[in-house]
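None of the figures in this text is laboratory data; all of them are computed from the coordinates on show. All figures in this text were calculated on a predicted structure; none of them were measured in a lab. Cβ coordinates were reconstructed from backbone atoms using ideal geometry, including for glycine residues, and neighbour counts include every protein chain displayed.
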Ligand code: GUN
Ligand code: FE
C-alpha cells in the first residue's frame with residue numbers, strides 16, 4: 001500500500017511534527033518500508049513505478065492510532081453507570097459483580113468483548129492494555145476477540161486471592177499462580193502458529209491491586225515475571241480509601257510491597273499512582289516501570305490529581321488510560337483533553353500558592369499542553385508498552401498503526417463534523433492550528449479510517465478510485 005499526503009506525529013514530548021505531502025509505503029506484513037517527501041526523486045520513482053497511491057486530500061492527514069494504557073474489559077458491561085461511590089465500595093458493588101457475571105457466561109463475555117473492540121477501533125485506539133477477569137477461559141475469549149478484531153491487545157488475567165466477594169476470588173496463592181501460568185501458556189499458544197507480525201495479543205501478569213493479593217501471591221507473580229520476562233500490570237497508590245486499607249492491613253505502602261515482590265520492572269505498567277510524591281516517582285523512574293495516567297477515573301476515585309508534570313520531568317514513562325469503567329469515556333480524545341484540563345487546574349493552584357507565598361520550592365509550570373497529551377496518547381503509550389521500534393510514530397521499520405483524520409471535504413468545500421473554518425483554511429496546507437482545532441473539538445466524524453499493522457480495520461475504503469482527488473501541488 002502506498003499513501004501520499006500529510007502526516008502528523010509526536011517524536012518526543014512536545015515534539016510534534018507535521019510531514020506535509022509525504023509518501024509512505026506499507027509492506028505486506030504491515031511495516032512502514034519507505035517514508036519520504038513526495039517531491040524527492042525516490043518518492044517520484046515509487047509514485048511512477050508502482051500501484052496507484054491512496055492520495056489524501058487537503059485537510060486530511062494521518063496520525064498514529066491511540067494507545068489506551070489501562071482499560072477493564074469486563075467493566076465495559078456497565079460503562080457509564082455507578083460512579084457515585086468511593087473506590088472500595090464501587091469495586092464491591094459494581095466491578096466484582098460485573099466481572100463475575102462474565103466469568104459465569106461465556107456468551108455474554110463474547111458479546112461484551114466484541115462490542116468493546118468495535119468501540120475501540122471506531123475511536124482510533126489501536127493498542128490497549130487490558131484487565132480481564134479471574135477465569136482463564138474468559139480471558140482467552142478476550143484474547144481471541146481482540147486478535148480477531150486486529151487490535152494490539154495485552155491481556156491481563158486477574159490474580160486476586162484475598163479480600164474480594166466470596167464467590168469472586170481465587171482459593172489460594174498457589175492456585176492463583178498456577179492459573180496465571182496456565183493463561184500465559186494458552187494465550188501464547190493461541191498465536192504461536194502465526195507469523196510474528198500477526199501475533200497481536202500477549203498475556204500480562206495482573207495482580208489486581210495490593211488489597212486483593214496476598215504477599216505470597218505477589219511474590220509468586222514477581223518470581224514468574226522475572227523467570228519468564230513477562231509483562232506486569234496493576235494499580236498503585238490510587239485512592240485514599242485504598243491507601244488507608246493497605247496501611248491498616250499491611251503496615252506498608254503499595255509501592256514498598258510491589259518493590260519487595262519484584263513487580264516494579266521495566267515491563268510493568270502501574271495505573272494511577274496519584275498518591276506518589278516526587279521521591280517515589282524518582283524510584284518509579286529508576287525501576288523502569290511505566291505509569292498509566294487515568295485523569296477521568298482519578299477525578300471520581302482518587303481525591304487527588306496525578307503529578308503528571310513532575311513524573312515527566314523525573315523521566316517516568318507515562319501513557320494515558322481510559323480506565324473503563326472507573327472512567328466512563330472510551331475515547332482517548334477525551335482522555336487527552338482531561339489530562340490537559342487537570343494539569344491546568346494544578347497549575348492554577350501553583351500560581352495561587354506562589355502569589356500567596358504558600359509554595360516553597362518551585363520548579364515551574366505544572367501545565368501540560370495538547371501536543372504533549374497527543375504524545376502521551378500515541379508514542380508515550382507505545383514506549384510504556386515497549387512496542388516495536390518506532391511504534392507510535394511514522395518511521396521506516398515501524399508497524400503501520402494509523403488513523404486517517406479528515407477536517408474538511410474538499411470536494412464539497414465544507415468542513416467535517418464539529419469543525420468550522422471561516423478563513424479559507426480549506427485551501428491551505430495543514431497547519432499546527434488546524435491540528436490543534438481537531439485535537440480540541442474533533443470527534444468520530446473526523447475519522448475516515450483506522451489501520452493496525454497495515455491492515456485496515458475500520459472506515460471508508462480509501463483509494464485513488466474513490467473520488468479522492470490527487471493533491472494539486474507540492475509544498
Ligand atoms: N483498583 C482495583 N481494581 C480496580 C478497578 O477495577 N478499577 C479501578 N479504577 N481501580 C481498581
Ligand atoms: Fe483500573
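Please report the spacing between the Cα centers of segment 230-267 and segment 11-30 in Å, no decimals. If you average the Cα positions of each part, the centres end up 38 Å apart.
Kirkwood-based Rg over Rh for segment 1-46 (C-alpha set), two decimals?
Details: Rg = 11.5 Å, Rh = 11.3 Å.
Reported Rg/Rh, Kirkwood definition of Rh: 1.02.
Applying 1/(1 + (r/R0)^6) with R0 = 22 Å to the Cβ-Cβ distance of residue 420 and residue 344 gives a FRET efficiency near 0.35. So what is the calculated 222 nm ellipticity per residue for the chain, using -39500 (n - 2.57) for each DSSP H run with n of 4 or more, over all residues, to the nearest 500 deg cm²/dmol? Calculated from helices alone, the mean residue ellipticity at 222 nm is -11000 deg cm²/dmol.
Please determine, in degrees from 0 to 90 and to the nearest 10, the orientation of helix 432-441 with respect to the longest principal axis defined by the Cα atoms of the chain, where the helix direction is its Cα long axis. Taking Cα atoms only, the helix is inclined about 50 degrees. Calculate log10 I(q)/I(0) of segment 316-475 for q = 0.14, 0.18, 0.19 Å⁻¹, where I(q) comes from the Debye formula with a single equal point scatterer on each Cα and nothing for solvent. Scattering profile of segment 316-475, log10 relative to I(0): -0.91, -1.30, -1.38. Going from the fewest other Cβ atoms within 10 Å to the most, the residues 22, 235, 197 appear in the order 197, 22, 235.
If I fit a long axis through the Cα atoms of helix 240-250 and take the longest principal axis of the Cα atoms of the chain, what angle between them do I get, 0 to 90°, rounded to 10? Roughly 40 degrees between the two axes. Remark: relative contact order (segment 41-131) = 48 percent; criterion is Cα-Cα distance under 8 angstrom and separation of 6 or more residues.
Would you mind telling me the antiparallel percentage of the DSSP bridges in the chain, rounded to 5?
Values: 30 of 66 bridges.
Counting DSSP beta bridges with both partners in the chain, the antiparallel share is about 45 percent.
Pairs of Cα atoms nearer than 8 Å and 6+ residues apart set the relative contact order; for segment 66-384 it is 18 percent. Measuring spread by the Cα atoms of segment 66-384 yields a radius of gyration and Dmax of 18.6, 64 Å.
Give the angle, between 0 and 90 degrees and rounded to the nearest 10, that separates the Cα long axis of helix 215-228 from the longest principal axis of the Cα atoms of the chain. That works out to roughly 40 degrees.
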